[in-house]
Amino acid sequence: MVRIGGFIIGVGFVFALLLGIWDTVYNWIKEPPAATAEHEFHHHPKKVDFSFNGFFGKYDNRQLQRGLQVYKEVCAACHSLRLVSFRDLQALGYDEGQVKTIAKGFQVPSINPETGEPATRDGIPSDRFPSPYANDVAARAANNNAIPPDLSLMAKARHDGSNYIYSLLTGYQDQPAELLKEFPEAKTPQGLHYNPYFATLNLAMIPPLSNGQVTYSDGTAATRDNYAKDVAAFLTWTAEPKMEARKTAGLATVIFLLIFCFLAYGAKKQIWRNVKD
């Protein structure tokens, strides 16, 4: 009796589930969701040929150093890297003295030992990249009521992160006339900027990069495109500093499994060699 009751309840549950699915599909076909500007005009990130793409890809330290320079001279005015320590930069090819010099160029929050009042001091290698704002209130006041996000994990926080960062930085443009014709209510509000690579198409950040803005010491062309590629690569490294080690470990694992499979197959043939079908 208990089994019959359980069976009936199970059938009822499946029927209700199928009925709900059918009702959802029927309503979607009968009254499909209205098109939105975000759905129609949002672009997928452009594909960029980064050195670390692919299974055997590796970081280009010269590019990462250029990306750090772009971050320091442009992005650091609004965005922090609170999960990255200055001493981590040794992985980019800097020596200890260079790391100390870079750290000293930042002011980090501190406490005055004599008065106990909040103060700032020169950074040291063990410090992390500081926020340019004292708190969220100050950040909102300086950025049209929007808090600039921390960039430490941005390349992992967004789908296709490296390409997304590059596309966003180079994607600012005027709103297409077609968009304004189809969705007049989607006109970019005052104080925001149209960018088809951003989820809502409009963001508070002004176009941060322009040609000639940063001078590279290695002679690389000072173009917006290069700036965007380099800082995207650098932010990929901040999000995945162990990428190369992970790829090496993955390759070693694949090789081990191939050898193990070969040995296991040989052992099987050896053990069962005298057994006839």
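Quick check, is residue 155 among the small types (Gly, Ala, Ser) and over 15 Å from residue 50 (Cβ atoms)? Considered against the rule, which asks whether it is among the small types (Gly, Ala, Ser) and over 15 Å from residue 50 (Cβ atoms), residue 155 comes out as no. Would you confirm whether any residue within segment 205-220 is among the hydrophobic types (A, V, I, L, M, F, W, C) and farther than 26 Å from residue 62 by Cβ? Within segment 205-220, one or more residues are among the hydrophobic types (A, V, I, L, M, F, W, C) and farther than 26 Å from residue 62 by Cβ. Exactly one residue out of 119, 77, 103 is closer than 27 Å to residue 168 by Cα and small (Gly, Ala, Ser): that is 77.
Residue 54 fulfils the conditions (1) without any contact (Cβ under 8 Å) to a residue 24 or more places away in the chain; (2) within 19 Å of residue 239 (Cα to Cα); (3) in a helix (DSSP H, G or I) except for a single criterion, (3).
Scanning segment 96-135 for residues being at pLDDT 90 or above and either outside any strand (DSSP E or B) or surrounded by fewer than 16 Cβ atoms within 10 Å (Cβ to Cβ) (or both) gives a total of 23.
When you look at residue 93, is it in contact (Cβ under 8 Å) with a residue 12 or more places away in the chain, surrounded by 18 or more Cβ atoms within 10 Å (Cβ to Cβ) and of a type outside the set (Phe, Trp, Tyr), yes or no? Criteria not met by residue 93. Per the listing 188, 200, the residue uniquely without any contact (Cβ under 8 Å) to a residue 40 or more places away in the chain and either closer than 15 Å to residue 38 by Cα or surrounded by 19 or more Cβ atoms within 10 Å (Cβ to Cβ) (or both) is 188.
Residue 73 meets each of the listed conditions (1) without any contact (Cβ under 8 Å) to a residue 60 or more places away in the chain; (2) surrounded by fewer than 16 Cβ atoms within 10 Å (Cβ to Cβ); (3) of a type in the set (Asp, Glu) apart from (1). Can you find a residue that is charged (D, E, K, R), crowded, with 18+ Cβ neighbours inside 10 Å and in contact with a helix residue (DSSP H, G or I) (Cβ under 8 Å, 6 or more places away or on another chain) anywhere in segment 225-239? Yes, segment 225-239 contains a residue that is charged (D, E, K, R), crowded, with 18+ Cβ neighbours inside 10 Å and in contact with a helix residue (DSSP H, G or I) (Cβ under 8 Å, 6 or more places away or on another chain).
The values are calculated or read from the model by the stated rules, or taken from the named source; none is laboratory data. Computed from a prediction, not measured in an experiment: that's the story for all the values here. In this analysis, Cβ positions are derived from the backbone assuming ideal geometry, glycine residues included, and neighbour counts consider all displayed protein chains.
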